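Here's the structure we're looking at; comments come further down.
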Amino acid sequence: MMWAARADDGYLVGGLTRDCLETLRGVPMLVESSDPRVRERLLPDTYDSAEDEQQWREHSTPELERLFMSRLQIVRKDLAAVRKLEAIDLWVLLLPDTHANAWLASLNAARLALFVLNDLDARHLERDGDSLCTDKQREAVWRIQFLAEIQCILMGEMESMDDLGDPEDGDDEEHGKGADIDHGPMHDGPIPPLS
Amino acid sequence: MTVLPRAATKEKTKTETRTKTAVARPWNVIVHDDPVTLMTYVTRVFIQVFGYPDSKAQRLMMEVHREGRSIVWTGGREQAEVYAQKLQAHHLKTSLEQVDAE
């Protein structure tokens, strides 16, 4: 069971399985993907006019690309500091408050990339969308929803999330003060997407 | 002797007025629906980018959700481009279109 808890300078996310960790480590690769479907979605057409669009791409696209890359540096740095709990196959990740915007945007980009790379449409993300999915799509939907849960943690949306206790209190061993999050293989669609 | 200059001045004024009208046509910043981005994330981005109050940000987000798109800001082209870039930086699907001339 994944859990999240508030620390002084950010959120601690624990109980991360190997699949969760692999999904998080895949975020930079997804955002950097050169697949035209991903580039088209992350850098969409902005103007109807071809001339205006060309000018927009000359000026705006390089800036956006630089911004995406600088955010990924932050994400990579945090991922490099992920800690494995001894004796069990679970990991803990600290998401500092100062990195929240970089994480939120990068997670969103990765979710969009997963969506277009796996030929998904809105129906696949609905509660009963499982029956429409191939195995590969099912896995992609799981990753999209898992990354959404991380976004929700960063936006402070997880209910019953208490502050992490003072380590001196001695009750931090169980990590029981954070919110438990079920991240089983197919979510029941608890997170409302835009449509 | 005085007629010609007055007529010329009048013509010049007409031309300037037309030009100003064309330049002043504002631009709409439009956010389009997508099935992936979280509603709460969209609201948060609207607040962050435009400084909108929560109620307005939520109303616009719901308009995107229900109508498929929403005009989230209207004004001069330069500022519209700044906003479009900021919204795209958060991966909201954003486009710009000039307001139709009446």
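Just so you know, all these numbers are worked out from the coordinates, no wet-lab data involved. Just so you know, these numbers come straight off a predicted model, no measurement behind them. When we count neighbours, we look across all protein chains shown, and the Cβ atoms used for this are built from the backbone with ideal geometry, even at glycine.
Classify the range B:25-102: rounded, prolate or oblate, from the alpha-carbon gyration tensor (a ≥ b ≥ c, eigenvalue square roots; a/c under 1.5 rounded; otherwise prolate if a/b is larger than b/c)?
Note, shape of the range B:25-102 comes out prolate.
Give me a comma-separated list of calculated 3J(HN,Hα) values for the range A:112-118, in order, Karplus coefficients 6.51, -1.76, 1.60 applied at θ = phi - 60°, integers in Hz, x for any Gly or Pro.
Along the range A:112-118, the couplings run 5, 5, 4, 4, 6, 6, 10 Hz.
How big is the shadow of the Cα convex hull of the range A:2-169, averaged over all directions, in nm²? All intermediate terms of the calculation are to be shown ahead of the outcome.
Numbers: hull surface 48.5 nm².
Dividing the Cα hull surface by four gives the mean projection, 12.1 nm².
Between A:R25 and B:I47, with labels modelled 7 Å along Cα→Cβ, what's the label distance in nm to one decimal, could you check?
Each label point is offset 7 Å from its Cα along the Cβ direction, giving 3.5 nm.
If R0 is 22 Å, what FRET efficiency do you get for A:E32 and A:R57 from their C-beta distance, rounded to 0.05?
In this case the efficiency is close to 0.75.
Suppose every K and R has +1 on its Cβ and every D and E has -1 on its Cβ; what is the size of the dipole of the range A:2-169 about the Cα centre, in Debye to the nearest 20? Numbers along the way, then the final one.
Working: 19 positive and 34 negative charges, 122 e Å.
With only Lys, Arg, Asp and Glu charged at Cβ, the dipole is about 580 debye.
Hey, rough spin-label estimate for A:E65 and A:A50, points 7 angstrom out along Cα→Cβ, what's it come to in nanometres?
Distance between label points: 2.2 nm.
Counting other Cβ atoms within 10 Å, keep those with at most 14, restrict to DSSP loop, and tell me which trypsin sites (Lys or Arg not before Pro) in the range A:16-125 are left. Provide the component values of the computation, followed by the final result.
On the way: sites: A:R18, A:R25, A:R37, A:R39, A:R41, A:R57, A:R66, A:R71, A:R76, A:K77, A:R83, A:K84, A:R111, A:R123; in loops: none.
Qualifying residues, ordered by number: none.
For the residues A:E40, B:E78, what sequence is obtained by ranking on other C-beta atoms within 10 Å, fewest first?
Values: A:E40 11, B:E78 8.
Taking fewest neighbouring Cβ atoms as first place, the list is B:E78, A:E40.
With θ set to phi - 60°, apply the Karplus curve 6.51 cos²θ - 1.76 cosθ + 1.60 along the range A:5-17 and write out the HN-Hα couplings as whole Hz, x wherever there is a Gly or Pro.
Rounded to whole hertz, the list is 9, 7, 10, 4, 10, x, 10, 9, 10, x, x, 6, 7.
Amide H neighbours of B:T37 under 5 Å, counting only residues 5+ apart in sequence or on other chains, H built in-plane at 1.01 Å?
Result for B:T37 returns A:L194.
Among A:L12, A:L114, which comes first, then next, by fewest other beta-carbon atoms within 10 Å?
Exposure proxy ranking, most exposed first: A:L12, A:L114.
What do you get for chymotrypsin sites (Phe, Trp or Tyr not before Pro) in the range B:23-102 restricted to DSSP loop and a cutoff of at most 12 other Cβ within 10 Å of the site's Cβ? Provide the component values of the computation, followed by the final result.
Numbers: sites: B:W27, B:Y41, B:F46, B:F50, B:W73, B:Y83; in loops: none.
Passing sites in the range B:23-102 do not exist.
So how much slack lies between A:R39 and A:V82, counting 0.36 nm per residue of separation and subtracting their Cα-Cα distance, in nm?
Numbers: separation 43, 0.36 × 43 = 15.48 nm, distance 2.88 nm.
Length gained, A:R39 through A:V82: 12.6 nm.
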